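Since the structure comes first, as C-alpha cells, the remarks are kept for the end.
The values are calculated or read from the model by the stated rules, or taken from the named source; none is laboratory data. Nothing here was measured: the structure is a model prediction, and the numbers come from that model. Neighbour counts are summed over all protein chains in view; Cβ atoms, including those assigned to glycine, are modelled from backbone coordinates with ideal geometry.
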Amino acid sequence: MKKLLINFLNDVGIEPTFLTLSISILLIMALTAIVIYVVLHKIILKSINKINETKANIITSTLLEYSLFQRLSLLFQGMVIHWQTKIWVESGNIYEILTTLSSVWISIFGLLALYSIIDKVFQVLHTATEVPFFAMRTIIQSIKLIFGIICLIYVISILADKSPVAILSGLGAMSAVLMLVFKDTILGFTAGLQLSTNKMVQIGDWIEMPKYGADGDVFDIGINVVKVRNFDKTITTIPTYALVSDSFKNWRGMRESGGRRIKRAVKLDINSIKFLKDEDIKKLEKANLLAPYLKYKIDEIRDYNEKNNFDLSVSVNGRRLTNIGTLRAYLETYLKNHPKINKSMTIMVRQLSPTEYGLPLEIYCFTATTVWIDYENIQSDIFDHIYSVLGEFGIKPYQYG
C-alpha cells in the first residue's frame with residue numbers, strides 16, 4: 001500500500017519525502033474516518049430511524065435503543081484507524097501512539113456496546129418473565145461491573161505495555177487497598193443478592209427507615225444505594241447493605257392484603273359512664289343497628305337476674321346495660337356494616353387502660369382500600385360519626401381543661 005502511495009506521489013509530481021508521506025498518510029486516515037462517520041451516522045443511522053418509524057422490528061429497535069448503533073459505529077471507526085496504522089505507519093513513536101490510542105478506543109467503545117447489548121437482553125427477559133426489575137437490575141449491574149473491571153485491567157495493560165496477567169499479579173499485592181476502595185460496592189452487591197432472593201424490597205414498595213429519615217416509596221435500587229421518594233417529595237438515599245444490616249418497615253404486605261389498618265382511640269370522660277335507664281333503652285331501640293343487640297341483651301339480662309332472684313331496687317345488684325357497653329356494641333355493628341371496611345379482617349372495638357385523660361375506646365379495623373387519600377377520608381368519616389353519636393348514649397368525650 002505504501003508503494004502505491006509513493007508511485008501516486010511521483011505521478012502527480014510530488015517528491016515522496018518523509019514529510020510528504022506523513023502528511024499524505026494523515027490525510028488518507030482523516031478522510032477515511034470522515035467518510036465512514038458520514039456514511040454510518042448521517043446515512044445508515046437516518047435510514048434505520050425511518051424504517052423504525054414506519055415499521056419497527058426487533059433489529060431496528062435493538063440498534064437504536066441504548067445507543068447501540070452509535071457505539072458500534074465508533075467501535076468500527078477505531079478498528080479502521082487501528083488497521084490503517086498497521087498498513088501505513090512504520091514502527092516508531094507515532095506508530096506506538098496511534099496503535100495504543102486506537103486499542104484503548106476499541107476497548108472503551110467495545111465495552112459500551114456490550115453494555116447496550118446487556119441492557120437490551122435483560123429488557124427482553126424482564127418483559128417476557130415475571131422476575132422483578134430490581135433482581136434483574138442487580139444482575140445487570142454485577143455483570144457490567146465484572147466486564148468493566150476486565151476492560152480497565154486490559155486498558156491499563158495496553159498503556160503500561162504489560163500483559164494483563166502481570167497487571168493482575170500486581171493488583172494482588174494491592175488487594176487490601178482495593179477492598180477498601182470497593183467496600184461499598186462489594187457490600188452492596190452481596191446485599192442486593194439477599195434483597196432480591198428474599199424479596200425484602202422492590203421498586204414501588206413503601207418503606208420506613210427512621211435511622212435514615214426515609215418514609216416513602218422506593219423508586220430506584222442500585223448496587224450501592226437505594227433511593228426513596230418521601231411523601232414530602234424529598235429524596236433519601238440509603239446504602240443498599242443497610243437494608244440487610246439494619247431493620248426497616250416494608251408496607252408492601254399491607255398493600256398486597258387489600259386493607260389498611262385503622263387503630264385510633266376516642267378518649268371518653270369517665271364521669272359520664274353510667275347504667276342505661278328504661279327511657280334511654282327505649283330511645284336507643286329505635287336505632288336500626290342497635291335494635292337486635294338490645295333485644296338479645298335485655299332478654300339475657302332479665303333471665304339472668306330472675307334466675308338469681310336479685311333485688312333490682314339496688315343498682316349494684318344483678319346485671320344492667322351500660323351506656324359505654326351499648327356504645328361499644330353499636331360501633332362494632334356500625335363498622336361491620338360499613339361498606340368501606342374490609343369484612344375479612346379483624347373488626348374490634350375495645351377499651352384500653354384508663355389514663356389521666358379519660359377512658360380510651362379504641363377502634364381497630366381495616367379499610368377495604370390501601371389508597372392513602374381514600375384511607376384518610378374513610379377514617380375521618382368514621383370518627384366524625386363516633387363523635388356525633390356519643391351524646392345519644394349520654395357519653396362525653398374527654399377534653400383537657
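Would you say residue 349 is in contact with an Asp or Glu (Cβ under 9 Å, 6 or more places away or on another chain) and within 26 Å of residue 251 (Cβ to Cβ)? In short, yes. Residue count for region 43-78, restricted to those that are among the polar types (S, T, N, Q) and surrounded by 15 or more Cβ atoms within 10 Å (Cβ to Cβ): 7.
Being buried (at least 19 other Cβ atoms within 10 Å of the Cβ), part of a helix (DSSP H, G or I) and touching a Cys at 6+ places or on another chain (Cβ under 8 Å): is that true of residue 111 here? Yes. Among residues that are surrounded by fewer than 14 Cβ atoms within 10 Å (Cβ to Cβ) and either modelled with pLDDT of 90 or more or in a helix (DSSP H, G or I) (or both), residue 307 is included. If you go through region 381-394 one residue at a time, do you hit one that is in contact with a helix residue (DSSP H, G or I) (Cβ under 6 Å, 6 or more places away or on another chain) and not acidic (Asp, Glu)? Checked against the condition, which is being in contact with a helix residue (DSSP H, G or I) (Cβ under 6 Å, 6 or more places away or on another chain) and not acidic (Asp, Glu), region 381-394 yields at least one hit. Of all the criteria given as (1) modelled with pLDDT of 90 or more; (2) surrounded by fewer than 13 Cβ atoms within 10 Å (Cβ to Cβ), the one not satisfied by residue 334 is (2). Taking the numbered list (1) within 21 Å of residue 389 (Cα to Cα); (2) touching a strand residue (DSSP E or B) at 6+ places or on another chain (Cβ under 7 Å) in turn, residue 342 passes all entries but (1).
In region 32-60, the residues that are assigned by TED's automatic domain parsing to the domain that holds residue 79 reach residues that are in a loop (DSSP other than H, G, I, E, B) with C-beta atoms within less than 9 angstrom, at least six apart or across chains, in these pairs: 51/57.
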